[in-house]
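Notes follow once the structure below has been shown.
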Amino acid sequence: MMNTDQWLGLITGVLFGFLLQKGRVLRFDKQVGALLLKDMTILKFMLSAILVGMVGILLLSDAGIIGLSHKPMNLGAVLLGGALFGAGWAVMGFCPGTSVGALGEGRWHAVFAIVGMIVGAALYAELYPFFKLTVLAWKDLGKLGLPEAVGISQWAIVPLFWVGIIALFFWFEKKRL
Amino acid sequence: MKWKTEDGGWSPYLAGALVGLLAIASVLATTQLLGETSYLGTSTTFVRGAGFVERMIAADHVSSNEYFTKERVRVDWQFMLVFGIFFGALIASASDRSFKLEGVPSTWGRRFGPSIGKRAVGAFMGGVVAMVGARMADGCPSGHGLSGMMQLSVSGLVALALFFGVGVLFAYFVYGRRT
């Protein structure tokens, strides 16, 4: 039987997958279309989610109801890992979450991407001791938030994000991207 | 602004904003019901998937591996979330008849032709490289891109910029010149 933990994950996942599909962001052509700077659907989707989510999460955190959980800003890890992800993403045309959703809407070549990612995860597990002594050991800035990093209040940063991203949305629409 | 796309989908602004609300609700629900705040993310599940597969072949190897021990091979909240994405997409695509069997996407086909084999190799190799990168960076476009940015994490901002920056560069070299 499934516990509360698993049920909650499943329900959240079904809703997430439903919205990803309705937003039409699961498809290879949408993902690669964004990387070719021809179709900004996935950016519109992601940035809209970020704008809305950011306000709620920061308010809840200020109220002491939830805790923030920054991932460490480990320089070597984020820079090299981010670059490797970008390179693989362009060829695969899916990200980890969307690959599973793409399979759900019938794009069955996602199976090869999923198998590749499982092999990649296994490979990373084998190489972890080596990475720990090299890339991961270079410089870790810790669990850093943007407000602390730049010395500006988060409630000054949030409006800047909103204005900048909405301006970008208008530009996307004007250019029909 | 239109609320529906030509093929019956929802505006990406609307669907995205709803994901923002879902992310807030999810953080609240995990904190209240599970006693531990969980943010949306997916790539750790692939580590656990790999752990389950390897366990069938070499159980000792998995239990002695430092990374599998660190990430704990189990069916947790995130594992079920990834499982749920599959069903959510299936339900959504069945509801508006956008479910479509696709072996070779059009952008790929214009550059590499209709061969399933080539697409399989590309998807596989891309998957290997992307997942090594995601585990190294400790997140993917969900964990770093969505959850990291919502919390104003420096790592989320830098990772997302690199995902897109390097992705754009590679996409140009891989597909750009002919499409």
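Using a 1.4 angstrom probe and counting only protein chains, how large is the accessible area of A:TRP108 in Å², to 10?
Here the residue's solvent-accessible area equals roughly 100 Å².
Using a 1.4 Å probe and counting only protein heavy atoms, arrange B:ASP60, B:ASP76, A:ASP62 so the residue with the most accessible area comes first.
Heavy-atom accessible area, descending, gives B:ASP60, A:ASP62, B:ASP76.
Once amide H atoms are placed 1.01 Å from N in the peptide plane, what residues at a sequence separation of 5 or more from B:ASN65, or on another chain, have their amide H within under 5 Å of its amide H?
The answer is none.
What figure in square angstrom, to the nearest 10, would you give for the accessible area of B:VAL154 with a 1.4 Å probe?
So the heavy atoms of B:VAL154 present about 20 Å² to solvent.
Is the C-alpha gyration tensor of region A:25-161 telling us rounded, prolate or oblate? Criteria: a/c under 1.5 is rounded; beyond that, a/b larger than b/c is prolate, otherwise oblate.
Judged from the Cα gyration tensor, region A:25-161 comes out oblate (a/c at least 1.5, b/c at or above a/b).
Could you work out the mean count of beta carbons from other protein chains within 10 Å of each residue's beta carbon in B:72-79?
So the per-residue partner count for this stretch is 4.
Give me the inter-chain shielding for A:160-173: mean count of other chain Cβ atoms within 10 Å, whole number please.
Per residue, the number of nearby Cβ atoms from other chains is 1 on average.
Between region B:10-73 and region A:7-76, what's the alpha-carbon centroid distance in Å?
Each part's Cα centre sits 14 Å from the other's.
Just tell me the longest site-free run in chain B, where the sites are trypsin sites (Lys or Arg not before Pro) in a DSSP loop having at most 11 other beta-carbon atoms within 10 Å.
By the stated rule (loop sites, at most 11 other Cβ atoms within 10 Å), B:101-176.
Only Cα pairs under 8 Å and at least 6 apart count here; give the relative contact order of chain B as a rounded whole percent.
Computed value for chain B: 21 percent relative contact order.
Between region A:107-177 and region B:123-150, how many Å separate their Cα centres?
7 Å
In whole Hz, with x marking every Gly and Pro, tabulate ³J(HN,Hα) for region A:93-108 from phi via Karplus 6.51 cos²θ - 1.76 cosθ + 1.60, θ = phi - 60°.
Whole-Hz 3J(HN,Hα) from phi for region A:93-108: x, 9, 10, x, x, 6, 4, 5, x, 4, 4, x, 9, x, 7, 6.
With loop defined by DSSP as not H, G, I, E or B, and exposure as at most 12 other Cβ atoms within 10 Å, which is the longest segment of chain B clear of exposed GluC sites (Glu not before Pro)?
Between exposed loop sites, the widest span is B:37-179.
Scan around B:SER153 for amide H atoms under 5 Å from its own, H built in the peptide plane at 1.01 Å from N, and keep only partners 5 or more places away or cross-chain.
Long-range HN contacts for B:SER153: A:LEU146.
Using a cut-off of 18 Å between alpha-carbon atoms, which lysines can reach A:LYS175, once sequence neighbours fewer than 8 places away in the same chain are excluded?
A:LYS30, A:LYS38, A:LYS44, B:LYS2
Please list B:THR44, B:THR30, A:THR4 in order of solvent-accessible area, largest first, computed with a 1.4 Å probe with all protein chains present.
A:THR4, B:THR44, B:THR30
As an exercise, take the mean of 1/r over every pair of distinct alpha carbons in region B:69-179, invert it, and state the Kirkwood radius in angstroms.
Every distinct Cα pair counted, the radius reaches 16.8 Å.
Treating cross-link reach as a plain straight distance, find the aspartates and glutamates whose alpha-carbon is under 16 Å from the alpha-carbon of A:LYS174, omitting any fewer than eight places away in the same chain.
The qualifying aspartates and glutamates are A:ASP39.
Over chain A, calculate the relative contact order: mean separation of alpha carbon pairs under 8 Å at least 6 apart, over the residue count, as a percent.
After rounding, I find 29 percent.
The values are calculated or read from the model by the stated rules, or taken from the named source; none is laboratory data. Bear in mind the structure is a predicted one, so any value in this text is a computation, not a measurement. Neighbour counts are summed over all protein chains in view; Cβ atoms, including those assigned to glycine, are modelled from backbone coordinates with ideal geometry. Surface areas here come from the heavy atoms of the whole protein model, side chains and all, with no ligands, DNA or RNA. Shrake-Rupley method; radii C 1.70, N 1.55, O 1.52, S 1.80 Å.
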